[in-house]
Amino acid sequence: MVLFTLCATFLCTFVLPLSLFLAAVKLWEVYCISGRDPSCEKPLPPGSMGLPFLGETLQLVLQRYKFLKMKVRKYGHIYKTHLFGSPTVRIMGAENVKQILLGEHKLVSVQWPASVRTILGAGCLSSLHDSEHKHRKRVILKAFSREALENYIPVMGEEIRARVRRWLESGSCVLVYPEMKSLMFGIAMRILLGFEPTHANRQTQQQLIEAFEEMIRNLFSLPIDVPFSGLYRGLKARNVIHAKIEENIRKKVAKREPTGQFKDALQLLIEHSEKSDQPLRLQELKESATELLFGGHETTASTATSLVTFLALHPEVVQKVRRELQEQGLLSSDTKENKQITIELLEQLKYTGSVIKETLRLSPPVPGGFRVALKTFVLNGYQIPKGWNVIYSICDTHDVATNFSRKDEFNPDRFMEGCPEKDSCRFSYIPFGGGSRCCVGKEFAKILLKIFTVELVRTCDWELLNGPPTMKTNPTVYPVDNLPTKFTPFPYKI
């Protein structure tokens, strides 16, 4: 009897759970194989689908850099996996990316993971399709026209100068990455949403920054909305952001006319909604405004932090930037003698622009983009089944590009006129994506980063207190130590 009890206990404790697990694994393998389209004779890409139901999402979240590098070494430039609840093909390389980016609406359509769609909402630009996407993009682009950008320049310069002055006056260690997020968030609030820099709005800004931090941390999470889950925390933070934005929308609607010199992006959306046969609902306005704030500060904060890093590590590049500023009348110890910054003047700063381009090549803030296959198609000899997700990698496409010589080096000269690398392959360099879904705010970002570089280089010298940082991605690129830096006044001697 005792022996029977021990055997039964052993079977229930070990054998039965093991058998159930092995059966689940087998069923998972069958499910994954069944995703292949039998009408296409090409094979699925190589790769593995991970654990039953969970796929390889946990490995990606916990070991992102190590996990992705291992996948590339093992499977190459196209491989299959299972992420965020869906079978997925991850791709890189100019030719592969070109087919995806130019295949919008024909081969693929945008589809972010379920957690992203839930948190950001169905009414934001990145989730819209076809005519809705084109129409909304056309409206938002009005906020990034040349005339609008010219009006933004004084606000950008004012905010950046005040922040850099604060760094110099502190006389101590500055954590650059949190400072950049605060700076870029303040600029985005003023320019994109029309918040004036009052004391009350400064308090609102801090509340929104904290809410955005929580939302962004949980943007890519398992699509399980239960208390204390990542999705639950992300939605809770999103609701705080929406409540503050709704207050601003109601004030704008009540005023009817903006009090500033320019119409911000949110004002343009409201005016369009009021005149349209299909006006935007309040929820859609809030989702669009949240997306503008996210895109308008998170990526620029990441790139500005990378600029501080690369320039600190390459003082010879700083010297070349200063020489260019001096030639353009932008470098003088007497600030009254410096020319006023305009779009035309910024366009003359070719080397400074190349510094920003090289920073975006080595450290693109957004790692890639998400699509879904509208039909089964063939990519580089492999079938991509209908309904599967497709992730194109920006950072890996830059890494594997063959047209950049000594591609691990920081060399802004590669983007100067006369260098054969400058225009050698359109899809080897895609920091802003490409095709019909190219980043709507890319000109805004370029101008903001140029003004930041000008103000930083002509005002400061600086030193990275921990040396070159270790970088991480969640969801944009950032230094794990927040980049502690010491800023000192620049003595204006070249």
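Numerical summary
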item: Residue selected from the range 462-489 under the condition without any contact (Cβ under 8 Å) to a residue 40 or more places away in the chain, of a type outside the set (A, V, I, L, M) and touching a strand residue (DSSP E or B) at 6+ places or on another chain (Cβ under 9 Å), by the criterion farthest from Tyr351 (Cα to Cα); result: Asp481
item: Residue check for Pro197: assigned to a loop (DSSP other than H, G, I, E, B), open to solvent by 20 Å² or more (accessible area, probe 1.4 Å), closer than 26 Å to Val366 by Cα and at pLDDT below 85; result: no
item: Pairs with Cβ under 8 Å, 6+ apart, first in the range 273-290 and open to solvent by less than 100 Å² (accessible area, probe 1.4 Å), second among the charged types (D, E, K, R) and in a helix (DSSP H, G or I); result: Leu282/Glu246; Lys286/Glu246; Ser288/Arg136; Thr290/Arg238
item: Odd one out for Lys442, checked against (1) out of contact with any helix residue (DSSP H, G or I) (no Cβ under 8 Å at 6 or more places or on another chain); (2) closer than 24 Å to Gly55 by Cα; result: (2)
item: Verdict on Glu443 being part of a helix (DSSP H, G or I), acidic (Asp, Glu) and either farther than 26 Å from Pro154 by Cα or at pLDDT 90 or above (or both); result: yes
item: Test: residue in the range 239-261 that is in contact (Cβ under 8 Å) with a residue 60 or more places away in the chain and crowded, with 19+ Cβ neighbours inside 10 Å; result: no
item: Verdict on Arg233 being in a helix (DSSP H, G or I), within 26 Å of Gln111 (Cβ to Cβ), of a type outside the set (A, V, I, L, M, F, W, C) and modelled with pLDDT of 80 or more; result: yes
item: Filter result for Asp481 (open to solvent by 50 Å² or more (accessible area, probe 1.4 Å), part of a loop (DSSP other than H, G, I, E, B), over 30 Å from Lys42 (Cβ atoms) and at pLDDT 90 or above); result: no
item: Some residue of the range 324-333 being within 20 Å of Gly76 (Cβ to Cβ) and open to solvent by less than 10 Å² (accessible area, probe 1.4 Å); result: no
item: Ile391, sole failed condition from (1) open to solvent by less than 10 Å² (accessible area, probe 1.4 Å); (2) in contact with a strand residue (DSSP E or B) (Cβ under 8 Å, 6 or more places away or on another chain); (3) among the β-branched types (Val, Ile, Thr); result: (1)
item: Count - residues of the range 109-160 that are over 21 Å from Leu282 (Cβ atoms) and not in a helix (DSSP H, G or I); result: 7
item: Breaking point among (1) closer than 30 Å to Lys486 by Cα; (2) exposed (fewer than 15 other Cβ atoms within 10 Å of the Cβ); (3) in contact with a Leu (Cβ under 7 Å, 6 or more places away or on another chain); (4) not hydroxyl-bearing (Ser, Thr, Tyr), for Arg163; result: (2)
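The values are calculated or read from the model by the stated rules, or taken from the named source; none is laboratory data. Keep in mind that this is a model prediction, so the values were computed, not measured. In this analysis, Cβ positions are derived from the backbone assuming ideal geometry, glycine residues included, and neighbour counts consider all displayed protein chains. Side chains included, ligands, DNA and RNA excluded: accessible areas come from the protein's heavy atoms. Shrake-Rupley method; radii C 1.70, N 1.55, O 1.52, S 1.80 Å.
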